[in-house]
Amino acid sequence: MTPATPAQAHAQTSALVAKLWNYCNVLRDNGLSTIEYVEQLSYLLFLKMADEIASDPFTEEEAKTVVPAEYDWKALASKKGLELEVHYRDTLTKLAKNPGTTLGTIFAKSQNRITEPALLEKLVVDLIGKEDWTIQGTDLKGDAYEGLLAKGAEDTKTGAGQYFTPRALIDAMVDVMQPGPKDTITDPACGTGGFLISAHSYIRKHHMQNLSREQRLALGSGKIWGNELVTGTARLAAMNMLLHGIGDADGPSLITEGDALAEQPGRHASLVLANPPFGKKSAITVIGTDGKADKEDISYERDDFRATTTNKQLNFLQHIMSLMEMNGRAAVVLPDNVLFEGGAGEKVRRRLLEDFDLHTILRLPTGIFYAGGVKANVLFFEKKPPRSGGAHNTSKLWVYDFRTAKHFTLKQHPLRRADLEEFVQAYLPGQPISERVETERFKPFDYDELIARDKVNLDITWMKDPALDDADSLLPPEVIAQEIVQDLQAALSEFAAIAEALGGEVAADTDVIQPTGTD
């Protein structure tokens, strides 16, 4: 069969996304949110894919028993009406009891939320049952699923966007990091798995022809892994990776679930890609003697942390420092407060400059995340051995200002990969940093200059938006309105954090910056 051209593949993916989305609209009328629909889709997709694998004559016998016969796709698809609904519930309960496996991750705490048997039957027979999900077109099916996740991120009522990082940003970060087949790659807050999938895709695209069979198998069996705090999101990540050809249905889960910050990492990686949750505080929900739930701020007492703090991003940054193996590298999305906050923030930044080579910061524009008011950056750094005499490992930090005079919105003017091409070219991936060229947007700063700044503030700006002075270059009204909202949200979030630090109480709806993780 002749491979599809990129245009054909895109058209096929778009058609499948549209088909999946149309079913979502039907189920939303029945009370399901977008993410609940994608969860139900994940259960059914897994069963159908396991059936296709078992039916393949080239599949080894031991791989054909992923799902017990009484709970497999054939058993489900043979039933109708109320009998189908009852059997579906029993299937979910049974398959959830497989901890530590991909199967267990996908079905963990699973529940049937499709209350109309006729709608469940329609989903089984007409949508999932009529598609071939494994034999051909792994990229097509995977991209279609990811496209559905992207649509789900627009569902502001459920906060689904908190787990979604713009694919354009993910791909640009991966392009400059250039993951290779020898890398071990992880994301400690992986959301729906976007960074891990993009890294895997990069390796396939640039190295697959030169890989041995053992190296190809290793890519999908443990060299790429992630962690996610939320059970439902870990499920989506595991399914997303499986659809992209990463991992085995009956193999160890490549996505672990839990609080990544709770303990020191037991395994290290040569490449860390992450967009840790936004939101200033690390907190757990506790139930009081009166039965009411409350949030309790937590800090992490870890020997490998330079600073003890309840600031979630600073804790994730310290965790990533520990997660990296020697000479490992990282690209991490972090909000502005990590660059300028005093106290624990200053301690962490000093360690970053001294023990690591923090060589690049990409200042991101607003309007690219679903969480409102987010001002963020990408920090690129490498873990280096201690230098003689206690010398620092960072000699020069390059800052690329992609924020000033850059205006994006989620719908009318979304961020595209092409928008980041100038940064990728200026970064000179794979080439010595000494060959970089200074431009209006890309400037270097020496260590002595950085360490002399008040509180080692790395929130460095020098450009001015011409639209602020030139009436002829005014932005469209909808963009101006959007940026005003984002600035107000960012300011409100900072005031809320100050109030909390002073011991005051903040109303629940004041925390306008919601947690955001990666896809």
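Some values worked out for this structure:
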read-out: Cβ crowding within 10 Å averaged over residues, with 13-20, 268-275 ranked highest first; value: 268-275, 13-20
read-out: Carbon and sulfur %, accessible surface of the range 390-456 computed with the full protein complex present, 1.4 Å; value: 47 percent
read-out: Mean-position separation - Cα centroids, the range 325-345 and the range 198-265, in angstrom; value: 24 Å
read-out: Listed peptides 186-192, 455-461 by packing density, highest first (mean Cβ within 10 Å); value: 186-192, 455-461
read-out: Computed FRET value (nearest 0.05) for GLU52 with VAL230, which takes r as the C-beta separation and R₀ as 25 Å; value: 0.30
read-out: Heavy-atom accessible area per residue - the range 325-393, 1.4 Å, Å²; value: 31 Å²
read-out: Relative counts (whole %) of C-alpha pair distances in the range 302-433, using bins that are 5 Å wide; value: 2, 9, 18, 21, 19, 15, 10, 5, 1, 0, 0
read-out: Above-threshold pairs, the threshold being 26 Å between Cα atoms, out of LYS205/LYS411; LYS205/LYS396; LYS182/LYS205; LYS151/LYS375; LYS312/LYS464; LYS383/LYS464; value: LYS205/LYS411; LYS205/LYS396; LYS312/LYS464; LYS383/LYS464
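The values are calculated or read from the model by the stated rules, or taken from the named source; none is laboratory data. Worth saying up front: this structure is predicted, and the values here are computed from it rather than measured. Reconstructed Cβ throughout: ideal geometry from the backbone, glycine too, with neighbour counts over all protein chains shown. Surface accessibility is based on the protein's heavy atoms, side chains included, excluding ligands, DNA and RNA. Shrake-Rupley method; radii C 1.70, N 1.55, O 1.52, S 1.80 Å.
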